Amino acid sequence: MTSVFRSFLVLTCLFVVAKSGQLSLTVDTTAVRFEVETFFLSVNLDSSLVLDKHFDFNSQRLHTLLSGLSPCILRVGGSSADCTYFDSPLEKLKQAGLQPVPEVISKPYWSQLVRLANATGSRLLYDLNLQLRDGVQWSPLNTVKLLQFAVDEGLAGLIDFELGNEPDAYSKQGQIRLTGEQIGEDFLMLKRVLNSYGGHFKNTKVVGPDVIMVTGKTGNAILKGFAKVAGHNVTAMTVHQYYFRGDQAGWKDYINPKYFPLLADTISSAKGVIASCPNPSLPLWIGETSDSWHSGTANVSDRYVSGFLWLEKLGLSAYMGVGVVMRQTFYGGNYGLMNHNYRPNPDYWLSYIYKKLVGSRVLNRKVSSLTVDDNDDVRVYVQCTKHSSRYGAGAITLYALNVNVSDSTTITVKGALSLQRVDVYLLSPGDKEGLLSKYVSLNGQQLRLMDDKTMPELKPVSQPASIGIKLPALTFAFAVFPDANVKICW
Ligand SMILES: *[C@@H]1O[C@H](CO)[C@@H](O)[C@H](O)[C@H]1NC(C)=O
Ligand SMILES: *[C@@H]1O[C@H](CO)[C@@H](O)[C@H](O)[C@H]1NC(C)=O
Ligand SMILES: *[C@@H]1O[C@H](CO)[C@@H](O)[C@H](O)[C@H]1NC(C)=O
Ligand SMILES: *[C@H]1O[C@@H](CO)[C@H](O)[C@@H](O)[C@@H]1NC(C)=O
């Protein structure tokens, strides 16, 4: 693939004369468009991880990398959740010939998950098995065992729950299909069980139903039924989203703007369900998501090129009013934010920088191209800056991506902002492998952990905003206006 990419680059250089696009950006600083959760960018660990006996809970790098994304949700969920039993005799379950084949999560393993999340400044969001049935209803018996253990171990205040995973895709042999109304009733039962522990779970969030095909007939019907019955009883409605199937995709898919609208369709559709349910102010979260499903694309999803759809997803989701986006996955598969040695992949660095520079308040902005008719290749979002030792109240952060293979674009900011200083953080491939680089550079310097405990310093290039923010072909950038002094960002 790398050689294909190289020859492609050569062709590009020979036959395409690079142009430079011009975008004009106007930021509306009078009103907050939407406010996302502080843990907006969150991560997922697949439930199947329980089978991975090599997962090293004590890895220093694992702790360092997870702490770097704090505060966040560490969701443990996925298809395996619906065949996982807590603290049960596996052999006995297997002998019973259950379908799909059961998995068991032990007390120590579960407790390590909770402690990992807590030790790194996040919270565990644990996905319970919705396929455990008692007649038409969900059977809470196995969950009661887990809750009692959490109370006994002093972990009750550290966890949140989901119940089931992608119920619109239940199709495995032995899986029971459920209506949205029934799933809603099952969530009410979970709430009643949690409430029966005398306040131990009073801060516990319950979210669901983790539908995957939101615009599909079954998925949409499940969301509607669920919201009708439990819309007032859950913290958020969760949906999943992927642009395309990873094992059938190539790197070109990852820079193809034709995929951008798919996310907008999913969000609009879910928002439509919420708008007409008994609780129209029910928050929407994307509970599991990546560029591509089926574990991502080998030697692509863990490379620099994967960042375009990821940054676009973070930007568009916040812009469209999604409170949280949980990345599939923090560890494992081709799309992990880190590799199997707990070393960060390029999307980890993108996520880390996002966490450091992008705050919760989303601003309206108007982008217009001065050079091409439609500017699909460049996407720009603006949010208040996250307060930090470097940036105080009132600062704003612009972030943008350019998937045009040959043309750079210069973003010219209109109004008072144009007179200010801007700190630019430009991300480009970390070595000569280009789009397929395993590394990413910040302002020309490859990002690496300094040691297992120490993050690199993020060094901006400070420039006058009047010269414009230049975004070369196939790069991303963050740009902070430290002196913007925008009141709604205080
Ligand atoms: C959870 O984290 C807090 C803050 O770091 C700490 O004080 C507490 O002991 C932790 N709880 C457990 C059970 O590890
Ligand atoms: C669900 O929410 C409604 C409205 O707030 C409330 O009356 C009801 O008690 C809740 N049910 C459960 C099981 O928490
Ligand atoms: C990915 O790269 C590895 C190591 O270079 C190679 O062994 C493997 O065949 C590649 N996989 C695909 C699907 O290209
Ligand atoms: C970059 O892509 C080419 C080919 O799709 C278009 O023709 C250019 O208009 C585009 N350039 C910009 C600045 O968007």
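Counting helices only, and only those DSSP H runs with n ≥ 4, report the 222 nm mean residue ellipticity of the chain as the sum of -39,500 (n - 2.57) divided by its residues, in deg cm²/dmol to the nearest 500. Show your work: numbers first, answer last.
Working: 10 runs with 125 residues, N = 490.
Counting only the DSSP helices, I get -8000 deg cm²/dmol.
Net charge within 15 Å of E103 by Cβ-Cβ distance, Lys/Arg positive one each and Asp/Glu negative one each, not counting E103 itself?
Details: positive: K53, K92, K94, K107, K172; negative: D46, D52, D82, D87, E91, D127.
Once positives and negatives cancel, what remains is -1.
Measure off 7 Å from each Cα along the Cα-to-Cβ vector at R133 and S389, then give the distance between these two points in nanometres to one decimal.
For R133 paired with S389, the spin-label model returns 5.6 nm.
For K217, go through the aspartates and glutamates and keep the ones whose alpha-carbon is under 17 Å away, minus same-chain ones fewer than eight residues off.
E166, D168, E181, D265
Quick one: which of K459/K487; K205/K228; K271/K356; K366/K470; K94/K145; K19/K470 span more than 22 angstrom between C-alpha atoms? Please report the intermediate quantities before stating the final value.
On the way: K459/K487 26 Å; K205/K228 19 Å; K271/K356 28 Å; K366/K470 18 Å; K94/K145 20 Å; K19/K470 13 Å.
Distance filter (> 22 Å) returns K459/K487; K271/K356.
Taking amide hydrogens as modeled 1.01 Å from N in the peptide plane, which residues meet the under 5 Å criterion relative to Y331, leaving out close sequence neighbours?
Under 5 Å from the amide H of Y331: D46, L337.
As an exercise, identify the trypsin sites (Lys or Arg not before Pro) in the stretch 16-69 lying in DSSP coil whose Cβ has no more than 11 other Cβ atoms within 10 Å.
Working: sites: K19, R33, K53, R61; in loops: K19, K53.
Those satisfying the criteria are K53.
In terms of modelled amide H atoms, which long-range or inter-chain residues lie less than 5 Å from the amide H of L471?
T409, T410, I411
In degrees between 0 and 90, to the nearest 10, how far off the longest principal axis of the chain does helix 307-319 point, with axes built from Cα atoms?
Long axis of 307-319 versus the principal axis of the chain: about 80 degrees.
Using only alpha carbons, build the gyration tensor for the chain and give me the equivalent ellipsoid semi-axes, biggest first, whole Å. Please list the in-between numbers first.
Details: eigenvalues 307, 116, 97 Å².
For the chain, the ellipsoid semi-axes come out as 39, 24, 22 Å.
Explain nothing, just the number: dipole magnitude of the chain about its Cα centre with +1 on each Lys and Arg Cβ and -1 on each Asp and Glu Cβ, in debye rounded to the nearest 20.
Values: 47 positive and 42 negative charges, 164 e Å.
So the magnitude is around 780 debye.
Projected onto the charge dipole of the stretch 9-161 (+1 at Lys/Arg Cβ, -1 at Asp/Glu Cβ, origin at the Cα centre), which of L128, V151, A18 gives the Cα projection farthest towards the positive end?
Farthest along the dipole direction, towards plus: A18.
Only the coordinates and a few stated rules stand behind these numbers; no lab work does. Quantities reported herein were computed from a predicted structural model and do not represent experimental measurements. Every residue, glycine as well, gets a Cβ built from its backbone with ideal geometry; the counts of neighbours run over all protein chains shown.
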